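Asks: One structure, as C-alpha cells, below. Some questions next.
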Amino acid sequence: MNEPTTRRAPARLLTTAAIAAGLAIGLTACSTGGSSGPAADDPTATAKPHGYVEGASEAQEPQVRLLAVSATGATAVHDLLGGETTELDRIDAPEHSATDGRFLVTSTGERTTIVDGGAWTVDHGDHTHYYAAEPRVVGTVRGGGPVEVHSSETTTTITWPDRGEAVALDRAALGQGDVEETARVDATVLLPFGEQLVAGTTDGVRVLDADGAPAGAQQACADPAGGIVTRAGAVVGCADGAVIVDADGGAATVALPAGADRPTAFSARSGRPTVAGLAGDRGAWLLDSRERSWRLVETERPLRAVTAVDDEDEHLVAVDDRGRVVVVTASTGAVATTDPLVDPDGRPLLQLDAQRAYVTDASGARVHEVDFADGARVARSIDLPAAPVAFAEVGL
Amino acid sequence: MRRARIAAALALAAGVVAATAGCSSAGSDRPLVAVTTNILGDVVTEVVGDAADVMVLMPPGADPHSFEVSAQEAARLRAADLVVENGLGLEEGVARHVEAAASDGVPVFTAGDHVEALEWTTEDDSGPDPHLWTDPARMVDVVEALDGALRDAGVEPSGTDAYLDELAALDTAMSDAFEGIPEDRRALVTNHHVFGYLADRYGFRVVGAVIPSGTTLASPSAADLRDLASAIDEAGVPTIFADLSQPARLAEVLADEVDVHVAIRSLATESLTQDGDASTYLGMMRSNTSAIVDGLSIS
C-alpha cells in the first residue's frame with residue numbers, strides 16, 4: 001500500500017525538537033525547588049514533546065503557500081507571505097490532481113502521490129489555529145486515475161471516482177510522513193465528517209463509521225459524483241440534485257429543477273456553507289448547504305471552473321471558456337472579468353481564500369493572484385521555477 | 001536517516017527533562033496540586049502558598065487550546081491530590097488526561113463551574129466562552145470556590161485572603177482606569193477572541209473585524225480594507241487590538257488606501273509569558289488595562 005518516496009531531512013525538524021526540549025524545562029518547573037526527578041530511562045515517556053503538533057509551529061495568521069508540480073514532476077512550494085520558493089523532491093509527472101487545502105494529491109494511471117504543503121488551518125468554532133511545518137513528499141498509494149481528496153481534522157479521504165474506490169487515511173500520520181489506511185470503501189465519493197464517513201455508492205449515500213462499516217442513514221442518490229464538506233453538512237452530488245448529511249446524521253435530498261445540468265464537482269472557500277459547481281454551459285450552480293437551496297447564476301460565456309467565496313457580497317470566482325477570470329458578485333449581479341489569463345483548453349486550476357484567488361498562467365511558469373473584491377484586479381503575478389500542471393493553495 | 005536524527009534530538013529532549021523535571025514528586029511529602037493552564041497555575045500557586053506543590057502543565061507562551069502533556073506528566077496528574085482545570089472546553093489537548101485522573105478518583109476542580117458563563121455564537125455554532133479570567137470579579141468567584149476544594153483535598157491554603165484582596169484591588173483599579181475612557185470609545189476592535197468577559201464586566205463593545213492577511217498586504221486595495229475600515233469608523237476608536245505578524249504594514253496601508261489612521265497594539269490573551277508584565281495573572285491584567293486605556297485615550 002505504502003510506497004514511500006525519498007524523504008528529505010529538513011534541518012528545521014531538529015530545531016523544533018530542540019525548542020521542544022527548551023519548553024520542557026519551563027513546563028516542568030513547579031513551585032518548589034527540585035530534588036532528583038523520575039529517571040527518564042524510557043525515552044518514549046517523553047517522546048511526544050510538549051507543544052502543539054510534532055514538527056509544527058502555530059502562527060498568528062494563515063500560512064498560505066502555493067504548492068506546484070510541473071509537467072515533469074518538479075515540485076516547488078512558494079510562501080505567499082515571505083515570497084520564498086523552495087523545491088521539493090521530484091514526483092511522478094501528474095495527470096490528475098486535487099487538494100484539501102493542506103495536501104496536494106496527484107496521480108498517474110498507476111499510482112497516486114501525496115505531497116504535504118506543510119501549512120493548514122484548524123477551525124474550532126470560536127477560534128482558529130494556524131499551523132506551519134516543513135513541506136514534503138509524503139508517499140504514494142497504489143492505483144491512479146482521476147482523484148479527489150477531502151479532510152477533516154483527523155481523517156483524509158482519497159477517492160478515485162473512475163474506479164469507484166476510496167480510502168480513508170489517518171491525517172495525523174500523513175502529517176508525520178506516513179500513509180496509514182484506516183478504511184477502504186467501494187465508492188465514487190468519500191467524505192470525512194466528524195468521527196464518521198459519508199460515502200456515495202451504488203446503493204446511494206451512506207453514513208459509515210470510521211472503519212467504513214455502515215453506521216447510519218442511507219439516502220437514495222443516482223450516479224453519485226462530487227462531494228464537499230461544509231460547516232453545515234456533508235454534500236454528495238447526485239443525478240437529480242444533492243444529498244446533504246447533517247451533524248446529527250440526518251440525510252436529505254435537495255433536488256435540482258427537472259432537466260437541469262447537474263454539477264459533478266463542488267468547490268468553495270474552506271468550510272463555507274455555500275458551494276459552487278458548473279451548470280453545463282449556462283454558468284454556475286450555488287448550493288447553500290445550510291438553507292438547502294440551489295440557485296443558478298448565469299454567465300455570458302460557459303465556465304470551465306468555478307468556486308464560491310461565500311462572503312458578505314457573495315462573490316463567485318470562475319474561469320470561462322476564453323481563459324478569463326470572471327468574478328460575479330451574486331448579491332448585486334455585478335460581473336468583473338480579467339483579460340484572458342488561463343489556457344482555455346487545459347483543465348483550469350483555480351484556488352482561493354478569503355481575500356485572494358489564484359490561477360495558473362496560460363503560457364508560463366506563473367500564477368496570478370486575483371483580488372476578487374476589487375473588480376478582478378490582478379494583484380500580483382508570482383513566478384515559479386516551472387509551469388504548473390497541478391497546484392494547490394495550502395494553509396487553508 | 002531522518003528518523004535517526006529525530007531520535008537523537010528526542011533523546012536529547014528526554015535527557016533535559018530528566019535533568020530538570022523532578023521538582024516535587026520525589027523528595028517532597030507535600031500534597032500535589034496539578035493545574036492545566038499557566039494562568040490558573042499562577043493563581044493556584046498564590047492561593048496555596050507553602051501548603052502544596054503545584055505542577056503547571058501548560059508551558060509559558062503556549063496555547064491553552066492545543067498544548068499537550070507527556071506520558072510522564074499524565075502519570076503524575078493521575079497521582080495528584082487535586083487537579084485544577086479551566087473547563088468550558090478550553091483545554092482541548094489535555095481534557096482526556098484530566099478525565100483519566102478523575103476516573104482514578106482524583107478530585108477535579110473546574111473553574112468554569114463556579115462562574116456565570118457567557119456564550120459565544122457564530123452563524124454555524126455556539127458554545128460556552130471559556131476565557132473567564134479576563135474578568136477579575138469572576139476570578140474572585142473561582143478563588144473562593146477553589147479555597148473550599150483545596151481544603152476538601154487536604155490542602156490548607158495560606159494565601160486565599162491575601163489573593164482575594166489582590167483581585168478586589170485589581171477589579172477596582174480596572175474600573176477606575178476604564179472610567180477615564182469616554183463612553184463612546186469603549187470598544188475593542190480586535191481579532192483576539194478572549195475579551196468577552198472583560199467587556200461584560202466593564203461595559204465595552206467587542207467589534208470583531210476581518211483583519212487583512214499578509215497576502216492582502218503585499219498588494220492591497222481599498223476593497224480589501226473596507227470591512228476593517230468601517231468597523232473602526234463605526235467604533236470611533238484610535239487604536240485596534242490585534243495579533244499580527246506585520247502590524248506596522250497594516251497601519252500604513254490603512255492610512256494610504258482608506259485614510260484611516262489607527263494605532264495597532266496586541267494584548268496578552270490566554271497564556272502567561274516566561275518573563276515580563278504578563279508573567280503573572282495580575283501583571284497580565286494590569287498591562288492589558290493600561291494598553292487599552294492608553295490605546296483608546298489617544299487623540
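The values are calculated or read from the model by the stated rules, or taken from the named source; none is laboratory data. These numbers come from a predicted model, not from an experiment. For neighbour counting, all protein chains shown are included, and Cβ atoms are generated from backbone atoms with ideal geometry for every residue, glycine included.
Asks: Out of A:322, A:262, A:304, report the one residue that is of a type in the set (Lys, Arg), assigned to a strand (DSSP E or B) and under 24 Å from residue A:347 (Cβ atoms).
Replies: A:304
Asks: Of everything in segment B:121-135 that's more than 16 Å from residue B:44 (Cβ to Cβ) and surrounded by 18 or more Cβ atoms within 10 Å (Cβ to Cβ), which residue is farthest from the other protein chains (Cβ to nearest Cβ)?
Replies: Looking at the filtered set, the residue picked out is B:135.
Asks: Please go through segment A:340-382 and pick out each residue that is part of a strand (DSSP E or B), touching a Lys or Arg at 6+ places or on another chain (Cβ under 7 Å) and more than 14 Å from chain B (Cβ to nearest Cβ).
Replies: The answer is A:340, and nothing else.
Asks: Go through (1) in contact (Cβ under 8 Å) with a residue 24 or more places away in the chain; (2) part of a loop (DSSP other than H, G, I, E, B) and name the single condition residue B:201 misses.
Replies: (2)
Asks: Being surrounded by 18 or more Cβ atoms within 10 Å (Cβ to Cβ) and in a helix (DSSP H, G or I) is the filter here; which residues of segment B:148-165 pass it?
Replies: Answer for segment B:148-165, where residues must be surrounded by 18 or more Cβ atoms within 10 Å (Cβ to Cβ) and in a helix (DSSP H, G or I): B:149, B:150, B:160, B:163.
Asks: Hey, can you tell me all the residues within segment A:104-136 that are in a strand (DSSP E or B) and under 19 Å from residue A:72 (Cα atoms)?
Replies: Answer for segment A:104-136, where residues must be in a strand (DSSP E or B) and under 19 Å from residue A:72 (Cα atoms): A:104, A:105, A:106, A:107, A:111, A:112, A:113, A:114, A:115, A:116, A:136.
Asks: Taking segment A:367-381 on its own, how many of its residues are under 21 Å from the mean Cα position of the chain (by Cα) and more than 17 Å from residue B:212 (Cα to Cα)?
Replies: Total meeting the criteria: 2.
Asks: Could you pull out the residue among B:253, B:262, B:258 that is modelled with pLDDT of 90 or more and touching a strand residue (DSSP E or B) at 6+ places or on another chain (Cβ under 7 Å)?
Replies: On the way: B:253 fails: touching a strand residue (DSSP E or B) at 6+ places or on another chain (Cβ under 7 Å); B:258 fails: touching a strand residue (DSSP E or B) at 6+ places or on another chain (Cβ under 7 Å).
Just one listed residue meets the conditions, B:262.
Asks: Next up: Among the listed residues A:217, A:234, A:199, A:168, identify the single one that is in contact with a Gly (Cβ under 6 Å, 6 or more places away or on another chain) and assigned to a strand (DSSP E or B).
Replies: On the way: A:234 fails: in contact with a Gly (Cβ under 6 Å, 6 or more places away or on another chain); A:199 fails: in contact with a Gly (Cβ under 6 Å, 6 or more places away or on another chain); A:168 fails: in contact with a Gly (Cβ under 6 Å, 6 or more places away or on another chain).
Answer to the selection: A:217.
Asks: Name the strands (runs of 3 or more DSSP E) wholly within segment B:35-132 that hold at least 2 residues that are over 29 Å from residue A:248 (Cβ atoms)?
Replies: Correct list: B:53-56, B:82-85, B:108-110.
Asks: Mind listing whichever residues of segment A:110-140 are in contact with a Leu (Cβ under 8 Å, 6 or more places away or on another chain) and under 19 Å from residue A:94 (Cβ atoms)?
Replies: Matches in segment A:110-140: A:114, A:115, A:116, A:117, A:135, A:136, A:137, A:138.
Asks: For segment B:231-247, does any single residue satisfy the condition of being free of Cβ contacts under 8 Å to residues at least 12 places away in the same chain and outside the structural domain of residue B:62 (by TED's automatic domain parsing)?
Replies: no
Asks: Restricting to segment B:171-193, name every residue that is among the hydrophobic types (A, V, I, L, M, F, W, C), surrounded by fewer than 20 Cβ atoms within 10 Å (Cβ to Cβ) and under 20 Å from the mean Cα position of the chain (by Cα).
Replies: The answer is B:173, and nothing else.
Asks: When you scan segment B:218-232, do you find a residue that is over 30 Å from residue B:177 (Cα atoms), in a helix (DSSP H, G or I) and polar (S, T, N, Q), even just one?
Replies: Checked against the condition, which is being over 30 Å from residue B:177 (Cα atoms), in a helix (DSSP H, G or I) and polar (S, T, N, Q), segment B:218-232 yields no hits at all.
Table: residues versus (1) under 24 Å from residue A:271 (Cβ atoms); (2) in contact (Cβ under 8 Å) with a residue 60 or more places away in the chain.
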| site | (1), (2) |
| --- | --- |
| A:299 | no, no |
| A:315 | yes, no |
| A:325 | yes, no |
| A:330 | yes, no |
| A:336 | no, no |
| A:362 | no, no |
| A:368 | no, no |
| A:380 | no, no |
| A:385 | no, yes |
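Asks: Which residue, of A:262, A:301, is under 24 Å from residue A:372 (Cβ atoms) and either away from chain B (no Cβ under 14 Å) or of a type outside the set (Phe, Trp, Tyr) (or both)?
Replies: Unique residue meeting the criteria: A:301.
Asks: Kindly establish whether residue A:68 is of a type outside the set (Phe, Trp, Tyr), surrounded by 23 or more Cβ atoms within 10 Å (Cβ to Cβ) and more than 19 Å from residue A:170 (Cβ to Cβ).
Replies: Details: of a type outside the set (Phe, Trp, Tyr): yes; surrounded by 23 or more Cβ atoms within 10 Å (Cβ to Cβ): yes; more than 19 Å from residue A:170 (Cβ to Cβ): yes.
Yes, satisfied.
Asks: Please go through segment B:169-216 and pick out each residue that is within 14 Å of chain A (Cβ to nearest Cβ) and over 21 Å from residue B:260 (Cα atoms).
Replies: If the condition is that a residue be within 14 Å of chain A (Cβ to nearest Cβ) and over 21 Å from residue B:260 (Cα atoms), then B:193, B:194, B:195, B:196, B:197 are the ones that fit.
Asks: Going by what's in this entry, would residue B:79 be described as at the interface with chain A (Cβ under 10 Å from one of its Cβ atoms) and of a type in the set (A, V, I, L, M)? It would help to see each step written out before you state the result.
Replies: Numbers: at the interface with chain A (Cβ under 10 Å from one of its Cβ atoms): no; of a type in the set (A, V, I, L, M): yes.
Criteria not met by residue B:79.
Asks: Of all residues being of a type in the set (Ser, Thr, Tyr) and closer than 30 Å to residue B:58 by Cβ in segment B:214-250, which is modelled with the highest pLDDT? Just the residue, please.
Replies: Of the residues in segment B:214-250, the ones of a type in the set (Ser, Thr, Tyr) are B:215-216, B:219, B:221, B:230, B:239, B:245.
Narrowing the set further to residues that are closer than 30 Å to residue B:58 by Cβ leaves B:239, B:245.
Values: B:239: 96, B:245: 81.
My answer is B:239.
Asks: For the condition part of a strand (DSSP E or B), surrounded by fewer than 22 Cβ atoms within 10 Å (Cβ to Cβ) and either among the aliphatic types (A, V, I, L, M) or touching a Ser or Thr at 6+ places or on another chain (Cβ under 8 Å) (or both), what is the one hit in A:335, A:328?
Replies: Details: A:328 fails: surrounded by fewer than 22 Cβ atoms within 10 Å (Cβ to Cβ).
A:335 is the lone residue from the list that is part of a strand (DSSP E or B), surrounded by fewer than 22 Cβ atoms within 10 Å (Cβ to Cβ) and either among the aliphatic types (A, V, I, L, M) or touching a Ser or Thr at 6+ places or on another chain (Cβ under 8 Å) (or both).
Asks: Those residues that are surrounded by fewer than 17 Cβ atoms within 10 Å (Cβ to Cβ) and touching a residue at least 12 places away in the same chain (Cβ under 8 Å), I need them from segment A:238-257; list them, please.
Replies: Step one: of segment A:238-257, the residues surrounded by fewer than 17 Cβ atoms within 10 Å (Cβ to Cβ) are A:239, A:246-250, A:252, A:255, A:257.
A:239, A:246, A:247, A:249, A:250, A:252, A:255, A:257 - these are the residues of segment A:238-257 that are surrounded by fewer than 17 Cβ atoms within 10 Å (Cβ to Cβ) and touching a residue at least 12 places away in the same chain (Cβ under 8 Å).
Asks: Does residue A:150 count as within 14 Å of chain B (Cβ to nearest Cβ), of a type outside the set (Asp, Glu) and out of contact with any Gly (no Cβ under 6 Å at 6 or more places or on another chain)?
Replies: No, not satisfied.
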